[in-house]
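Chemist: Before I ask anything, let me first share the structure, which is written out below as structure tokens.
The values are calculated or read from the model by the stated rules, or taken from the named source; none is laboratory data. Everything quoted here is computed from the prediction, not taken from an experiment. Every residue, glycine among them, receives a Cβ derived from its backbone with ideal geometry; neighbour counts consider all protein chains shown. Heads up: the accessible areas ignore ligands, DNA and RNA and are worked out on the full protein's heavy atoms, side chains in. Shrake-Rupley method; radii C 1.70, N 1.55, O 1.52, S 1.80 Å.
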Amino acid sequence: ALGAALTGMRPVAEIQYSDFLLCGMDQLINQIAKIRLMTGGQAKVPLVIRAPIGTPRGGTQHCQSLEAWFMHSPGLKVVIPSSAYDAKGLLKSAIRDDNPVLFLEHSALYGSKSIGSSVDEKPKNAPAFGSSVPEEEYLLPLGKAEVKKEGKDITIVATMQMVQIILGLADELEAEGISIELVDPRSLVPLDKETILNSVKKTHRLVIVTEECLTCGTGAEIAAIVCDEAFDYLDAPIKRVGSLNFPTPLASIAAAYVRPDKNKISQVIKEAVR
């Protein structure tokens, strides 16, 4: 794929699963991500690498959420769609980009429906399951977050499947008097800090929900950015929800214990608004 990109093609490589990107880390991190800089821009690497990431029941070597590894590697763009509509628009933009893009697709979202025939038909704040995916052309810019749901009491920054879980939780929280604003970054590199910061300045509270292990995760980076650039707007400590720092077991009961779920997320949100 790297060779094809260097000769002017725009290859899309697929790796099953993202866990096995680790077998090619030298090519990915030391070559693909660095060649454009090392040649002073004379060589371009318009390469997209697709890989499924995370899943409720994949076993220890098939369900890791390692997006922070790649966010930490300069030279790569990292895209993390949470819906079918976003996946199409972001993928088309990634293919047109002259830089290498790692396009991570959550395994549990592959069942998302494709309905509708026009971009205008996309319902506001449409979740993945039932989102409108037009057949015709549309592009979504890399590095532009989306406010999936507007609210006033607390900002929730969530990624991939966690976006869908929180959308399903929103009505329950509203019934208890908690109005959440849900921000989906849609890409980690580039990261739309402005949308996140503006939301925090509006609600004065922040919970970050990702599926990855909490230690050194993308949620930690987002929390650090908010502390650095919007600390005076916070009325409460930033909270994070993620997986335990433990390999995800294959057994469904044990896996559910390790991973974040609706109840764990709800509890942390309620604690953050007290």
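Chemist: With +1 on each Lys and Arg Cβ and -1 on each Asp and Glu Cβ, and nothing else charged, work out how big the dipole of the chain is about its Cα centre, in Debye to the nearest 20.
Modeler: Details: 29 positive and 33 negative charges, 66 e Å.
With only Lys, Arg, Asp and Glu charged at Cβ, the dipole is about 320 debye.
Chemist: Based on alpha-carbon positions alone, could you give the equivalent ellipsoid semi-axes of the chain from the gyration tensor, as √(5λ), descending, whole Å?
Modeler: Computed over the chain, the values are 30, 21, 20 Å.
Chemist: Further, regarding this structure: In square angstrom, what is the accessible area per residue of the stretch 183-274 with a 1.4 angstrom probe? All intermediate terms of the calculation are to be shown ahead of the outcome.
Modeler: Details: 4430 Å² over 92 residues.
Ligands and nucleic acids excluded, the figure is 48 Å² per residue.
Chemist: Counting only residues 5 or more places away or on other chains, whose amide H sits under 5 Å from the amide H of T155 once H atoms are built in the peptide plane?
Modeler: E181, R205, L206, V207
Chemist: From the protein chains alone at 1.4 Å, what is the descending order of accessible area for M9, M162, M38, M25, largest first?
Modeler: The most accessible residue leads, giving M38, M9, M25, M162.
Chemist: Could you derive backbone 3J(HN,Hα) for the stretch 61-71 from the dihedral phi with the Karplus parameters 6.51, -1.76 and 1.60 (θ = phi - 60°), listing whole Hz in sequence and x where the residue is Gly or Pro?
Modeler: Per residue, the Karplus-derived 3J(HN,Hα) values read 9, 10, 9, 6, 10, 9, 4, 5, 4, 7, 4 Hz.
Chemist: Then there is this: Quick one: how many Å² of Y233 are accessible to a 1.4 Å probe, rounded to 10?
Modeler: It works out to around 100 Å².
Chemist: Quick one: accessible surface of R240, probe radius 1.4 Å, all protein chains present, in square angstrom to the nearest 10.
Modeler: 100
Chemist: In terms of modelled amide H atoms, which long-range or inter-chain residues lie less than 5 Å from the amide H of Y17?
Modeler: none
Chemist: Could you give me the ³J(HN,Hα) list for the stretch 141-150, computed from phi with Karplus coefficients 6.51, -1.76, 1.60 and θ = phi - 60°, whole Hz, x at Gly and Pro?
Modeler: Karplus values, whole Hz, x for Gly and Pro: x, 6, x, 10, 6, 10, 7, 6, 8, 8.
Chemist: Provide the descending list of Cα extents for the stretch 139-232 along its principal axes, expressed in whole angstroms.
Modeler: Taking max minus min along each principal axis of the Cα atoms, the stretch 139-232 gives 35, 33, 30 Å.
Chemist: Mind giving me the nanometre distance, one decimal, between the label points for D261 and T39, set 7 Å out from Cα along Cα→Cβ?
Modeler: For D261 paired with T39, the spin-label model returns 5.0 nm.
Chemist: Taking amide H positions as placed in the peptide plane 1.01 Å from N, state which residues far from V78 in sequence (5 or more) or on other chains have amide H under 5 Å from it.
Modeler: Under 5 Å from the amide H of V78 lie the amide H atoms of L102, L188, V189, each far enough along the sequence or on another chain.
Chemist: Ordering F103, F20, F246 by how much accessible area each has at a 1.4 Å probe, largest first, what is the list?
Modeler: Correct descending sequence by accessible area is F246, F20, F103.
Chemist: Have a look at the DSSP beta bridges in the chain and tell me what percent are antiparallel, nearest 5. Kindly include the intermediate steps, with their values, before the conclusion.
Modeler: On the way: 5 of 30 bridges.
In the chain, DSSP labels about 15 percent of beta bridges as antiparallel.
Chemist: Rounded to whole Hz and in sequence order, give me ³J(HN,Hα) for the stretch 257-274 from the Karplus expression 6.51 cos²θ - 1.76 cosθ + 1.60, θ = phi - 60°, writing x for Gly and Pro.
Modeler: Once θ is set to phi - 60°, the couplings for the stretch 257-274 become 5, 7, 8, x, 9, 4, 5, 5, 5, 4, 4, 5, 4, 5, 5, 6, 9, 5 Hz.
Chemist: Round to a whole angstrom and tell me the spacing of the C-alpha centers of the stretch 1-40 and the stretch 79-103.
Modeler: So the separation of the two Cα centres works out to 16 Å.
Chemist: Quick one: with all protein chains in place, what share of the accessible area of the stretch 70-113 is carbon or sulfur, to the nearest percent (1.4 Å probe)?
Modeler: 58
Chemist: Tell me whether the stretch 40-91 comes out rounded, prolate or oblate; compute the Cα gyration tensor, take square roots of the eigenvalues as a ≥ b ≥ c, and use a/c under 1.5 as the rounded threshold.
Modeler: On the way: a/c = 2.71, a/b = 1.53, b/c = 1.78.
Oblate, because a/c is 1.5 or more while a/b does not exceed b/c.
Chemist: Hey, another quick one. I'd like the accessible area for K201, computed on protein heavy atoms only with a 1.4 Å probe and all protein chains in place. Round to 10 Å², please.
Modeler: 70
Chemist: To the nearest 500 deg cm²/dmol, what mean residue ellipticity at 222 nm is calculated for the chain from DSSP H runs of n ≥ 4 alone, each contributing -39,500 (n - 2.57), summed and divided by the residues?
Modeler: Only helices count here, giving -9000 deg cm²/dmol.
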